[in-house]
Every structure is written in structure tokens, then in C-alpha cells.
Amino acid sequence: MSKPVTDLIHHPYQPPAGFSAPQPGVFKASTVLFADTAALRARDWRHKNGYTYGLHGTPTTFLLEERIAALEGGRHCVLVPSGLASIANVGMALLKSGDEVLLPDNVYGPSRALAEGEFRGWGIVHQLYDPMKPADLEKRIGPHTRLVWLEAPGSVTMEFPDLSELVRICRRKGVPCALDNTWGAGLAFSAFDLAPGSGEKLAVDISVHALTKYPSGGGDVLMGSIVTRDEQLHHRLKLTHMRVGWGVGANDVESVLRSLPSLPLRYRAHDEAARRLARWCAGREEIVQVLHPALEGAPGHAHWRALCGPEGLAAGLFSVVFHERFATAQVDAFCDALKLFRLGYSWGGPVSLVVPYDIPPMRSAQLGTWAHKGILVRFSVGLEAPEDLQADLEQALQALRRPG
């Protein structure tokens, strides 16, 4: 070739094969090149036996999908741009006009907003059920119910349901169920083995996971996953994934791949610190309730213990309810006075976070476990020294004594 610019683009050198390192290589592509037209015509994007286009997978995304499937105990995985995108993809794949989806009353807020917004506009109806009363789910499943969402624990208020019994009900009714397993992260329990040691084969149909949280671990990646064991269901989900055009960035995938080996260590550290702080909060007179599944007396503690074991894991989240004598302005002052806990949504990263919530508008009806009128504050415990976080909470509680 005579022109240097052409030679730069079409240079024939290929690096030798056989390079191996602890971290996998990062492949970035929209266009994928084929050796000839026969290869172009023969390549099938629906199976991981070749590459067709960047949206349908690269060696980098295939690797993360396989590792997340293994983490969750599933067989198939697709990656999407966020945890909420994984919820949306499931709904778009399984629901059509005239269908019904059931959501727990303590569902992740954006999931409920999706049902009330886009899905309602598409002719898909929804009901909310009390996740702490399996009989309520059973009576609400009707002839048009095509999907049941599960959460363990519930968003913000942290009730841990009898997840196994809820799945049994879905099995008896012949309705597929999907679990938001972000809190469990594939470590606290297996979504595809909900009766360990019993001989009963009990599993959800779909597990979605906000990789934004613990798998990323840095608070700097947005990504979600959808894991299944059933190949036909996986292809149904993947077809929707293709038609919608979901894609994830190779550098974000690289970040999650780099963080995965330390996930169990980080998850346990978040868990241990959160329990220490939750127990300390339970002894404060300003606080009337601590919501943490691993604490005795917390809503659904017995269900958590039965599924996760008495020495089981429980993530790094907990919420507290302040005494009703404290006004919103006083609780806000407490949050503002915190120095190590920063105000911000999400969780699972190295920085501890805090958010106050107004619970009544978030629930269609008061769950039986919600008996207090005070303001709720949720904490996400990061990786700071627990004693420093406890000191931060103690100094910020002084703000509550100021007039509201």
C-alpha cells in the first residue's frame, strides 16, 4: 500500500495468540468484521458461538455474563444499562396489552412507577400485594396474571418475606416469578435454590440484579443483569433485549469484572459494619425501630433466618424510624449534620450514604409491620471504619435536640 494513512488502517500485523493475565482483555466494538460472506450469513447472534454486532456481545461482555450467571446460580445472562433496565426488559418481554403484573407493596419505587406509567399506557394492568401475607398474593393471582415480582427484602422498609412460600404459590398458579436480587447479590441466598438441603427444587424463573451496587462496588458504574436457567425463557428475554437495543460499555464491563473477585470480601465487610451500627441504633432513645432483616424482632427476621441461616449474610443496608416527636426539619438537620454518611441514592459503594424518606405516600396501604408514625431514614454502610461511622451518627444525633 502506497498511502501511509491507508496502511495505518489496514496494517496486516496481528499480535501473537496465547497472552494470559489475571484481568481479561477489553474488546470494544460496534462493527464486528467477518472473514467472508459465508461467515457473515452463518453467524447467529442468539447463541454465544460467534460475534455479529457490538450490541449482541463481545468477548468482554460474554465473559461477564457467564460469571454473573454463575454467581446467581443460573445458566443464562444478558446485560443491560441499569438495574431498572433489567426490570423493564423483563416486563416488555413477558407482558402485552390485557395482561396483569403483580408487585409487592414495598417494591422498588421506579418499578412501581414503570407499571403506573408506560405499562399502564400499553394496556398492562397491575396490582399491589402484601408480601408479608402469602395468602394475599394467592388471592390476587387471576386469569390475566402473567408475571409476579418479588423482593427480598422490601425496598427501604426492609421487610423480609417468606420468599420460598411466595414462589410455591406462583408455581401452583402457573405464573412466572421474577426476583429483584440486588440486595442478596447472589451471596446471601441463591434465587435458584430456595429450599437448600430439603430436596425440594424451588427456584424463581428470573433473577434481576443491579450490578450498579455490590458487583461494581465503586459507585461509578450503571449496569443490570437478567439471569435465568430456562433457555427458551432466556431467548425470549434476549429477543426483547435485541429489539430495544440495550447496550453496555466495555469499560464499565471491565470495571465490574475487576471488582467481582473481591465481592464476597466487600459484601461481608458491609454486612458486619451495618449490623454493628444497627444494634447501636437500637439502643438509642431517639429511635423507635431499626429495620434490618438480621436483627431479632425486625419484620421478617424469621424468614431471613430460615433462608439465609442463623449465621447468614445480610448486606449493608438498614433503616431507622425516629420517634414521632421529631419533626421533619429535625430529622433533616440530623442528616445534614452527618460528615461521613453522605446524602445520596444507591448503595454498595465504599462511601456510606443516608437518605430520609416519607413512607406513607410510597405505600398503597400500611403493611402490618409498619406501626410507627416517625420519619424513616435509610443508611447504606460503606467501607469506612465502623467506629468512625458510629461516632458520626452520635455527633449528628445532637442536631435532633434543636427545635424543629
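The values are calculated or read from the model by the stated rules, or taken from the named source; none is laboratory data. As the structure is a prediction and not an experimental result, all values here were calculated from the model. Cβ: placed from backbone, ideal geometry, glycine included. Neighbour counts: every protein chain shown.
The rows are residues; the columns are (1) charged (D, E, K, R); (2) more than 18 Å from T157 (Cα to Cα); (3) touching a helix residue (DSSP H, G or I) at 6+ places or on another chain (Cβ under 8 Å).
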residue	(1), (2), (3)
A314	no, no, yes
V320	no, no, yes
E324	yes, no, no
R342	yes, yes, no
P356	no, no, yes
P361	no, no, no
K373	yes, no, no
F379	no, no, yes
L383	no, yes, yes
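Among the residues of region 329-362, the ones that are aromatic (F, W, Y) and modelled with pLDDT under 95 come to 1 in all. Quick one: what pairs do we get from region 105-126, first residue more than 23 Å from P360 (Cα to Cα), second hydroxyl-bearing (S, T, Y), C-beta under 7 Å, 6+ apart or different chains? Final answer for the pair search is W122/S97; G123/S97; I124/S97. Report yes if some residue within region 60-72 is over 16 Å from M223 (Cβ atoms) and in the same structural domain as K201 (by TED's automatic domain parsing); otherwise report no. Within region 60-72, one or more residues are over 16 Å from M223 (Cβ atoms) and in the same structural domain as K201 (by TED's automatic domain parsing).
Based on this model, can you work out whether L239 counts as touching a helix residue (DSSP H, G or I) at 6+ places or on another chain (Cβ under 9 Å) and farther than 30 Å from S380 by Cβ? Against the criterion (touching a helix residue (DSSP H, G or I) at 6+ places or on another chain (Cβ under 9 Å) and farther than 30 Å from S380 by Cβ), L239 qualifies.
Among the residues of this structure, A185 counts as one that is crowded, with 19+ Cβ neighbours inside 10 Å and among the hydrophobic types (A, V, I, L, M, F, W, C). Only residues that are more than 20 Å from N89 (Cα to Cα) and among the hydrophobic types (A, V, I, L, M, F, W, C) were counted in region 159-191, giving 9. Every condition in (1) in contact with a Ser or Thr (Cβ under 8 Å, 6 or more places away or on another chain); (2) crowded, with 20+ Cβ neighbours inside 10 Å; (3) not hydrophobic (A, V, I, L, M, F, W, C) holds for P161 except the one numbered (1). The helices (runs of 4 or more DSSP H) found entirely in region 31-110 that carry 3 or more residues being in contact with a strand residue (DSSP E or B) (Cβ under 9 Å, 6 or more places away or on another chain) are 59-72, 83-94. Of the helices (runs of 4 or more DSSP H) lying entirely inside region 179-282, those containing at least 3 residues that are over 30 Å from V320 (Cβ atoms) are 231-244, 250-259.
Here A85, A152 are screened, and the one residue that is buried (at least 23 other Cβ atoms within 10 Å of the Cβ) and either within 20 Å of the chain's Cα centre (by Cα) or at pLDDT 95 or above (or both) is A152. Using the structure shown, decide if A210 is in contact with a strand residue (DSSP E or B) (Cβ under 7 Å, 6 or more places away or on another chain) and over 18 Å from E66 (Cβ atoms). It is true that A210 is in contact with a strand residue (DSSP E or B) (Cβ under 7 Å, 6 or more places away or on another chain) and over 18 Å from E66 (Cβ atoms).
Considering only residues that are in a helix (DSSP H, G or I) and within 23 Å of V208 (Cβ to Cβ), which ones fall in region 139-150? Correct list: R140 only.
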